[in-house]
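Notes for the one structure printed next.
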Amino acid sequence: MSETTEARAVSHTPTTRARWRATASTREALWGFVFIGPWLIGLVLFTAGPIIASLILSMTDFNLVRPDEIKFIGADNYFKMASDPNVIQALLVTFKFAIIAIPLTMVASLGLAVLVNSPKLFGRNIFRTLLYMPIQIPLVASTLVWTGFLNTETGWLAKGFEAIGLTGPDWFNSEAWVYPALTLMGLWAIGNFMIINIAGLQSVPTELYEAARIDGASAFTQLRRITIPLISPVLLYDLVITLIATFQYFTQAYTMTNGRGDPNNATLFVNLVLYREGFVFNHMGYAAAIAWLLFVVVLVLTLVLFSVARRRVYYAGGER
């Protein structure tokens, strides 16, 4: 009888332990949800909720002045965008600016990172700090500073051109020079990308550079054959973030032109059109549709980048 009881106890022990383990894992999962609960609530209330609300609003004629007269109009706002000259021009303006700003930002941030990461540079920590500091200045303040600096009549740069007998470009009143001016303003605050690239550079094994120098490779060859391939995941990250930031361009253009898009609508970026439709003309439904158009454009371009990255970006320990 005692042997039978012991056998039953032994046979029930694994089941009891399994139940205890299941209960412990369940408790652990519940505690995990408790700790991330505030974040989930914030996500639903302040991110997912507004996203869904904007999608719904984009299919209505919602007007801030007449909120009680809202009507569902389906995809009419999206069809309207296809023939809206302001939206079409804003897309062209944004793409033109992106073609100039993105490559220069990538090259400048990588070049500065290589420079201040060089052990031959005296006081490189000081230079890193100085080059990173401009990003701490608020965008509106920095834009006002650059507007004064590049002013054709009273700006410091104009005075410098006058001192050597030259006439400086009309940065903010010329369609040809306004994009270089905005790009120059953006290059002043690339300290975040510089720091990220420095982290990538410091992750490259030094023995690879030593072997390359022994084989007679020049500094440019080392950069092209070793540095860039090995930090390509970092460069991809920089590229995606720069792309998103460029298509969200708003503060500098609005501060510089007070929302007018001068000169001749050359700075009429997509976000500026969105702002005018939503908060100047009160067409909030149409503004929401423009926001979703911008989201789709950025999403498609990002997916294209990731598709190309499968063949171009090197991940250590994984497939190229």
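FYI, it's all coordinate maths here, none of it is from the lab. Please read these numbers as outputs of a predicted model, since none were measured by experiment. Cβ coordinates were reconstructed from backbone atoms using ideal geometry, including for glycine residues, and neighbour counts include every protein chain displayed.
Spin-label model, A176/I99: points 7 Å from Cα along the beta carbon direction are separated by 1.6 nm. For D84 and T47, a Förster radius of 22 Å and the Cβ-Cβ distance give a FRET efficiency of 0.20, rounded to the nearest 0.05. Put a plus charge on the Cβ of each Lys and Arg, a minus charge on the Cβ of each Asp and Glu, and nothing anywhere else: the dipole of region 30-139 about its Cα centre is then about 700 debye.
Straight Cα distances below 15 angstrom link K71 to the aspartates and glutamates D61, with same-chain residues fewer than 8 positions distant left out.
Modelled label positions at F279 and E207, each set 7 Å beyond Cα in the direction of Cβ, lie 5.6 nm from each other. Ordered by the count of other Cβ atoms within 10 Å of each Cβ, fewest first, F279, F172, F269, F149 give F279, F149, F172, F269. In straight-distance terms, cross-link reach from K96 covers every one of the lysines whose alpha-carbon lies under 30 Å from its own, apart from those fewer than eight places away in the same chain; here that gives K80, K159.
Taking GluC sites (Glu not before Pro) in DSSP loop states with no more than 15 other Cβ atoms inside 10 Å as exposed sites, the chain has its longest site-free stretch at 1-152. Quick check on the chain: take the gyration tensor over C-alpha atoms, sort the square-rooted eigenvalues as a ≥ b ≥ c, and tell me if it's rounded (a/c under 1.5), prolate or oblate. Oblate, because a/c is 1.5 or more while a/b does not exceed b/c.
The fraction of all Cα pairs in region 26-175 landing in successive 10 Å bins from 0 to the largest distance is 8, 14, 22, 24, 20, 10, 2, 0, given as whole percents. In the chain, taking the dipole from charged Cβ atoms about the Cα centre, the farthest positive-side position among A291, Q89, I190 is held by I190. For region 87-161 and region 256-277, compute the distance between their C-alpha centroids and round to whole Å. Spelled out, the Cα-based centre of one part sits 21 Å from the other.
Along the charge dipole of the chain, pointing to its positive end and built from +1/-1 on Cβ of Lys, Arg, Asp and Glu, which listed residue (F281, V44, A199) has its Cα farthest out? Looking along the dipole axis, the top candidate is A199. Net charge dipole, the chain: roughly 880 debye, given to the nearest 20, about the Cα centre with Cβ charges of +1 for Lys and Arg and -1 for Asp and Glu.
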